[in-house]
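Written out below as structure tokens is the structure these notes cover.
The values are calculated or read from the model by the stated rules, or taken from the named source; none is laboratory data. These figures come from a predicted structure and were not determined experimentally. Cβ: placed from backbone, ideal geometry, glycine included. Neighbour counts: every protein chain shown. These accessible areas exclude ligands, DNA and RNA; they are computed on the full protein's heavy atoms, side chains included. Shrake-Rupley method; radii C 1.70, N 1.55, O 1.52, S 1.80 Å.
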Amino acid sequence: MTTLKGKTALVTGASRGIGRATAIALARAGAHILVHYGRSVQEAESLVTEIRANGGRADALSADLATPQGAAMLAEQVRSIVGDRLDVAVLNAGISKAVRIADYTIEDFDNLFATNVRGPFFLVQQLLPMLGEGSNITVISSAVARTVVGKPGVDNPSVLAYASTKGAIETLVKNWAAILGPRGIRVNAVAPGVIDTDMSNFTKTEAGREVTLGMQALKRIGKPEDVADVVAFMASDGARWITGASIPVDGGSKL
Ligand SMILES: NC(=O)c1ccc[n+]([C@@H]2O[C@H](COP(=O)([O-])OP(=O)(O)OC[C@H]3O[C@@H](n4cnc5c(N)ncnc54)[C@H](OP(=O)(O)O)[C@@H]3O)[C@@H](O)[C@H]2O)c1
């Protein structure tokens, strides 16, 4: 049973896409939502308004998680709202990039790792004093952590660097789960396939849609809500015996 009544939940990157749908799903389950955003202030505020209009509790918080101080700044704001008890953390904020091997720059690589790996790494460090027995962390990974997508070839764009950030995050999830398990804290990854968001705007083209459907057993494009419902389950007591796992949510991609 997915109930989070009386619980507090932080969702990073909740202004848009998968994070937004996740914040809505957790709010429906009864949690007080901390809606984190980077730049999309209007989207974040409209989400807070929507959750409150539906009888829920929500607050917006901003921090650039690609900066060295971003994680600590966010944790400080979380503490000022929830005090010393955060029940659920969903580490969702992330960026992607698809280019040919020859076109990757040092800056691209550093931005991807700063946002997708360093941010979550230090956010867990900074949130730890607020995470107690029975709390849990879900990290949004990706199917590309384990599977090569697209058409491999040096002349084709690939998400090579992005994929390696998701490989790193899955390694962190296993380590966090082992280290934090004795404190009663669960840590899992949810690994979406292609989901229709700003990040995956190639699904809007006929060619992109065809490639995507060609990889999947289920023949439609995944929606943010398809991922959000699984995250809400992972955050609930129904998932109390699951830790250190990575759950594919990809319509049966590349079976
Ligand atoms: N879409 C897919 O097909 C897919 C597949 C597998 C995994 N994922 C993963 O799912 C997660 C969400 O992706 P999405 O598709 O929902 O992406 P999206 O629609 O592009 O949204 C990204 C979110 O991350 C936030 N964000 C990005 N950089 C940030 C930064 N430096 N500081 C703070 N916030 C930052 C954005 O906030 P602002 O707009 O407020 O700056 C936004 O809320 C990512 O981790 C992504 O890798 C996506």
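Points to keep in mind about this one:
- Enumerated strands (runs of 3 or more DSSP E) restricted to the range 1-69, each holding at least 3 residues that are open to solvent by 10 Å² or more (accessible area, probe 1.4 Å) and touching a residue at least 12 places away in the same chain (Cβ under 8 Å): 57-62
- Qualifying position, being outside any loop (DSSP other than H, G, I, E, B), within 16 Å of the ligand (Cβ to nearest atom) and of a type in the set (A, V, I, L, M), among 89, 102: 89
- Residue within the range 10-19 that is more than 18 Å from the chain's Cα centre (by Cα), within 12 Å of the ligand (Cβ to nearest atom) and modelled with pLDDT of 95 or more present: no
- Subset of the range 122-146 [open to solvent by 20 Å² or more (accessible area, probe 1.4 Å), within 16 Å of the ligand (Cβ to nearest atom) and not in a helix (DSSP H, G or I)]: 146
- Test for residue 174: is it surrounded by fewer than 18 Cβ atoms within 10 Å (Cβ to Cβ) and in contact (Cβ under 8 Å) with a residue 60 or more places away in the chain: yes
- Residue that is outside any loop (DSSP other than H, G, I, E, B) and out of contact with any Ser or Thr (no Cβ under 9 Å at 6 or more places or on another chain), where the choices are 188, 156, 175: 175
- Qualifying residue in the range 229-237 (condition: of a type in the set (Asp, Glu) and either in contact with a Pro (Cβ under 6 Å, 6 or more places away or on another chain) or crowded, with 19+ Cβ neighbours inside 10 Å (or both)): no
- Taken together, the residues in the range 208-253 that are assigned to a strand (DSSP E or B) and over 18 Å from the mean Cα position of the chain (by Cα) amount to 2.
- Screening residue 179 against (1) surrounded by fewer than 20 Cβ atoms within 10 Å (Cβ to Cβ); (2) within 13 Å of the ligand (Cβ to nearest atom); (3) within 28 Å of residue 236 (Cβ to Cβ) leaves a single unmet condition, (2).
The rows are residues; the columns are (1) farther than 30 Å from residue 167 by Cα; (2) out of contact with any helix residue (DSSP H, G or I) (no Cβ under 9 Å at 6 or more places or on another chain); (3) modelled with pLDDT of 95 or more.
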position	(1), (2), (3)
40	no, yes, yes
47	yes, no, yes
51	yes, no, yes
74	no, no, yes
78	no, no, yes
81	yes, yes, yes
87	no, no, yes
91	no, no, yes
102	no, yes, yes
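- If you check 154, 159 for being in contact (Cβ under 8 Å) with a residue 24 or more places away in the chain, farther than 22 Å from residue 228 by Cβ and within 11 Å of the ligand (Cβ to nearest atom), only one passes: 159.
- Conditions (1) within 12 Å of the ligand (Cβ to nearest atom); (2) part of a helix (DSSP H, G or I); (3) touching a strand residue (DSSP E or B) at 6+ places or on another chain (Cβ under 8 Å); number of the one not met by residue 118: (3)
- Residue in the range 170-178 that is under 22 Å from residue 252 (Cα atoms) and in contact with a helix residue (DSSP H, G or I) (Cβ under 9 Å, 6 or more places away or on another chain) present: yes
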